[in-house]
């Protein structure tokens with residue numbers, strides 16, 4: 001290729017790259033302004049009266065930020081496809097950024113600083129519980145550096161400034177650090193692998209490191225040919241079975257101590273009847289904790305472990321009862337039908353949530369507690385529905401139609417969320433009629 005032509009193409013690609021980055025900055029700035037304007041529209045003053053049964057004012061941000069209606073994040077979550085938690089964090093960070101870091105707000109909305117970078121600094125100051133005055137002092141000291149020095153360097157400067165303006169709060173944060181210890185697990189994109197992360201005492205971390213290293217070394221000596229990092233991961237998993245870990249620390253292995261667990265598997269008819277795995281439509285089961293699992297993965301995952309597998313029959317047609325309390329069989333049917341919370345775009349597991357009566361329970365009426373009048377909701381969403389801000393209908397078991405306070409409409413099924421904003425009136429009516437048809 002001609003050298004001059006290659007340079008021209010490269011220059012064009014760089015221009016397009018710059019243009020894409022600029023569009024992204026403009027979009028981020030527009031989102032910040034939109035969220036802030038919604039917050040202003042939902043602001044509560046100290047003179048506002050409120051009903052404890054309805055929407056309440058909350059201060060999502062830190063000192064110096066405005067109070068807003070507690071249901072504001074629901075509107076943002078549904079409109080942007082975020083979880084309610086993520087939308088709450090977004091509102092919090094926007095309010096903090098605008099009120100407590102005005103110079104940083106200008107830098108972010110003008111595109112000099114990436115939005116996620118600005119939120120990092122905002123969250124750092126909020127973590128140390130800085131007052132409005134203290135946060136403004138940090139912002140003022142950093143105003144000439146936004147967009148001019150590398151962000152990790154700026155964050156180090158910010159930490160130093162925080163120590164200067166609020167040394168007592170830095171010391172208090174150090175004292176509270178031990179109360180923030182945790183240990184969590186989470187699935188990954190592959191059902192055979194999960195993530196584990198934790199925050200522990202430094203001395204415990206050192207001891208854990210020594211134990212992992214010792215077990216990984218023993219595994220290698222006993223013939224495990226996997227690389228060291230893989231053996232270390234195995235060693236951490238083995239610690240879940242103390243008896244086996246003890247055996248390995250003593251120089252031997254004993255798989256009789258493998259743990260027992262219970263797994264809920266949603267099985268397809270093909271999985272039960274044994275469709276050929278070589279087929280393009282190889283049968284797949286769904287686990288509530290592992291996600292989609294093929295027959296081959298089931299053999300690999302559970303072939304050497306003691307596992308109680310509970311097959312799931314999808315029905316959602318259990319007979320109704322007259323009581324407000326939900327029988328276990330009906331609850332299980334609804335949880336297995338929906339899988340997740342039935343609020344738009346939510347991914348919260350249904351098994352951990354309360355079940356809400358779609359049509360509110362009325363004492364004395366018969367047959368109200370049934371699958372097609374129940375759906376799993378988080379407490380905040382439940383309260384928004386109870387307060388009448390969000391309207392909900394369930395035309396058929398497992399199909400939920402929502403209307404937001406601003407008139408946005410969403411259709412939620414076990415397959416996902418349909419944002420009906422761009423649907424024609426005819427499409428909405430036809431879909432509603434199909435959803436309402438008995439099956």
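The values are calculated or read from the model by the stated rules, or taken from the named source; none is laboratory data. A quick note: this is a predicted structure, and the numbers were derived from the prediction, not measured. Glycine gets a Cβ as well: all are built from the backbone with ideal geometry, and neighbour counts include every protein chain shown.
Let me spell it out: the conditions are (1) in a helix (DSSP H, G or I); (2) touching a residue at least 60 places away in the same chain (Cβ under 8 Å), and residue 402 meets all of them except one. Which number is the exception?
Exception for residue 402: condition (1).
Going through 95, 90, 38 one at a time, which residue ends up being at pLDDT 95 or above and in contact with a strand residue (DSSP E or B) (Cβ under 9 Å, 6 or more places away or on another chain)?
That would be 95, the only listed residue that is at pLDDT 95 or above and in contact with a strand residue (DSSP E or B) (Cβ under 9 Å, 6 or more places away or on another chain).
Could you list all residues from segment 81-110 that are part of a helix (DSSP H, G or I) and closer than 17 Å to residue 348 by Cβ?
Within segment 81-110, 84, 85, 86, 87, 88, 89 meet the criteria.
Limited to segment 173-200, what total is found for residues that are within 20 Å of residue 127 (Cα to Cα), touching a residue at least 12 places away in the same chain (Cβ under 8 Å) and surrounded by 10 or more Cβ atoms within 10 Å (Cβ to Cβ)?
Of the residues in that region, 6 qualify.
Taking only pairs six or more apart or across chains, which ones have beta-carbon atoms under 6 Å, a first residue in segment 7-34 that is in contact (Cβ under 8 Å) with a residue 60 or more places away in the chain, and a second residue that is in a helix (DSSP H, G or I)?
Listed pairs, sorted by first residue: 28/115; 29/109; 32/94; 32/109.
Picking from 360, 344, 405, which residue would you name as being closer than 26 Å to residue 56 by Cβ, surrounded by fewer than 14 Cβ atoms within 10 Å (Cβ to Cβ) and outside the structural domain of residue 81 (by TED's automatic domain parsing)?
360
In segment 113-133, which residues are under 17 Å from residue 31 (Cβ atoms) and touching a helix residue (DSSP H, G or I) at 6+ places or on another chain (Cβ under 6 Å)?
113, 115, 117, 118, 119, 122
Restricted to segment 313-331, and to residues that are buried (at least 16 other Cβ atoms within 10 Å of the Cβ) and either assigned by TED's automatic domain parsing to the domain that holds residue 378 or out of contact with any strand residue (DSSP E or B) (no Cβ under 9 Å at 6 or more places or on another chain) (or both), which residue is modelled with the highest pLDDT?
The extreme case among them is 318.
So, restricting to helices (runs of 4 or more DSSP H) that lie completely within segment 128-228, which ones have at least 2 residues that are assigned by TED's automatic domain parsing to the domain that holds residue 62 and farther than 24 Å from residue 245 by Cα?
132-142, 151-165, 167-176
Suppose we filter segment 54-66 for residues that are over 24 Å from the mean Cα position of the chain (by Cα) and under 21 Å from residue 31 (Cα atoms); how many remain?
The qualifying residues number 2.
When the residues of segment 408-439 are narrowed to those that are assigned to a strand (DSSP E or B) and over 30 Å from residue 57 (Cβ atoms), which ends up modelled with the highest pLDDT?
411
Identify all residues within segment 176-208 that are at pLDDT 90 or above and over 30 Å from residue 128 (Cα atoms); write none if there are none.
The answer is none; no residue qualifies.
Any residue at all in segment 98-110 that is modelled with pLDDT under 90 and more than 28 Å from the chain's Cα centre (by Cα)?
Scanning segment 98-110 turns up at least one residue that is modelled with pLDDT under 90 and more than 28 Å from the chain's Cα centre (by Cα).
Given the criteria surrounded by 10 or more Cβ atoms within 10 Å (Cβ to Cβ), within 30 Å of residue 110 (Cβ to Cβ) and touching a residue at least 24 places away in the same chain (Cβ under 8 Å), does residue 162 qualify?
yes
Being closer than 25 Å to residue 87 by Cα and either surrounded by 17 or more Cβ atoms within 10 Å (Cβ to Cβ) or without any contact (Cβ under 8 Å) to a residue 24 or more places away in the chain (or both) narrows it down to one of 431, 417, 369, so name that one.
Among 431, 417, 369, only 417 is closer than 25 Å to residue 87 by Cα and either surrounded by 17 or more Cβ atoms within 10 Å (Cβ to Cβ) or without any contact (Cβ under 8 Å) to a residue 24 or more places away in the chain (or both).
Sort out which residues of segment 229-243 are within 22 Å of residue 182 (Cβ to Cβ) and in a helix (DSSP H, G or I), and write them in order of number.
Within segment 229-243, 232, 233, 235, 236, 237, 238, 242 qualify.
Please specify each residue of segment 76-94 satisfying the condition of being touching a residue at least 60 places away in the same chain (Cβ under 8 Å) and either crowded, with 21+ Cβ neighbours inside 10 Å or in the same structural domain as residue 343 (by TED's automatic domain parsing) (or both).
77, 78, 84, 94
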